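Take a look at the structure set out below.
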Amino acid sequence: MKKTLLSLVAILAFVGFANAQVPARAGWWKFDDISDLQKAEVGEALIATGNITSVDGPSVGNLAVEVPLHSYYEMNHGIAPNGGGTLVNEYSIMWDFTIPATETWYSFLETAATTSDDADLFIAASANSGIARVPNSIGTGSFLYTANTVAADTWYRMLLTIKNGEFAMLYINGELWPVSADLQGFLVQDVDGRYGLAPAIFIFQDGDGDDGTLKCSEISIWDVALTADEALALGDVNTVQTGIKTNKTANTSDLMPNYPNPVAHNTIFPYQVQKSGNVTFRVLDQTGKVIDVVNAGVKAPGTYNLNYNSDKLSKGIYSVQMVADNRTSVRKMVVIR
């Protein structure tokens, strides 16, 4: 009877896990479009620096980017300051990656708004007994490094979850990688300290040159610190991510096509508001850089027009994003002169 009850508990636990959902992403980049290696599935396009190229990923149909030495992405994540500070103090970032060689420095994250500083998450090339670092472990001097290590030519799904002032965890393929038997998570960081995210962060960049060539097939970011169960649900690079909640921010229905388009000077964007709240428009260039912001103020449900003057813009193609009630709608605008 006892054995039967234990089996039932195990089955119920599995069912609960299988039905669990991971929160919607704030940003998601897949790199499957070889014509646009900065393209976002959710959020803003990345901004690339250096010679980043398309390569085969972990499986057929899942492509990746190869990021060589001194190349990197700038990410404008769009997450509002949280966790009681002026920076983003609670978040999660996921990378699907592989490295070509061990005992080489690899950089994943730089949280500051400049590319001149040391990065904030590494694979280590060498040992350092002072900070309990061994070759091919993951971490930084202020976090410490994992007791586990990575191997070459192996794909990993790495998830960093941060809640400054409370905890910092690193998961590989859904498994927590501790820094020691006594300290499971990384060292806790202060609110607005080194691991608070600025509005623009850098992926694979290191100001000291410790950013060896690697491959990446996917990056995701969340505005919450994912739990151990959610990390387990994300699994590895071969996990089909059907459990992630639908991100309600990806739509085009709220913002209608503008007219005239192409635009010489003035254009009108009809739009509708589903729920009372603040409405903001952002104009982005083809690199994903925000060129202009228009705050339309608080709007009640209904239909409206945005009258936009393009005189401050150069000739080219732009994306216009409308953000309202945690929904983002996007339309293309062509500016001519």
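Summary of values
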quantity: Flag for Ala152 being of a type outside the set (Lys, Arg) and in contact with a Lys or Arg (Cβ under 7 Å, 6 or more places away or on another chain); calculated: no
quantity: Test: residue in the range 192-214 that is in a strand (DSSP E or B), modelled with pLDDT of 95 or more and of a type in the set (Ser, Thr, Tyr); calculated: no
quantity: Any hit, the range 150-160, residues being without any contact (Cβ under 8 Å) to a residue 60 or more places away in the chain, over 17 Å from Ser217 (Cβ atoms) and of a type in the set (D, E, K, R); calculated: no
quantity: Residue tally, condition among the charged types (D, E, K, R) and outside any strand (DSSP E or B), over the range 139-162; calculated: 1
quantity: Pick from the range 134-148, criterion free of Cβ contacts under 8 Å to residues at least 24 places away in the same chain and within 22 Å of Ile203 (Cβ to Cβ), ranking: surrounded by the fewest Cβ atoms within 10 Å (Cβ to Cβ); calculated: Gly141
quantity: Residues that are in a loop (DSSP other than H, G, I, E, B), modelled with pLDDT under 90 and small (Gly, Ala, Ser), drawn from the range 107-131; calculated: Ala112, Ala113, Ser116
quantity: Residue in the range 61-106 that is modelled with the highest pLDDT, counting only those that are in contact with a strand residue (DSSP E or B) (Cβ under 6 Å, 6 or more places away or on another chain), among the β-branched types (Val, Ile, Thr) and in a loop (DSSP other than H, G, I, E, B); calculated: Ile99
quantity: Scope the range 287-305; condition free of Cβ contacts under 8 Å to residues at least 40 places away in the same chain and either of a type in the set (A, V, I, L, M) or within 19 Å of Asn76 (Cα to Cα) (or both); matching residues; calculated: Ile291, Asp292, Val293, Val294, Asn295, Ala296, Val298, Ala300
quantity: Looking only at the range 222-240, and only at residues there that are loosely packed, with under 14 Cβ neighbours inside 10 Å and outside any helix (DSSP H, G or I), the one that is modelled with the highest pLDDT; calculated: Asn238
quantity: First in the range 319-337 and surrounded by fewer than 16 Cβ atoms within 10 Å (Cβ to Cβ), second anywhere and among the basic types (Lys, Arg), Cβ under 7 Å, 6 or more apart; calculated: Asn326/Lys248; Ile336/Lys315; Arg337/Lys315
quantity: Residue list for the range 287-319, restricted to those being more than 29 Å from Asp36 (Cα to Cα) and in a loop (DSSP other than H, G, I, E, B); calculated: Ala300, Pro301
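The values are calculated or read from the model by the stated rules, or taken from the named source; none is laboratory data. Note that this is a predicted model, so its numbers are computed, not measured. All Cβ positions, even for glycine, are placed from backbone atoms using ideal geometry, and neighbour counts span all protein chains on display.
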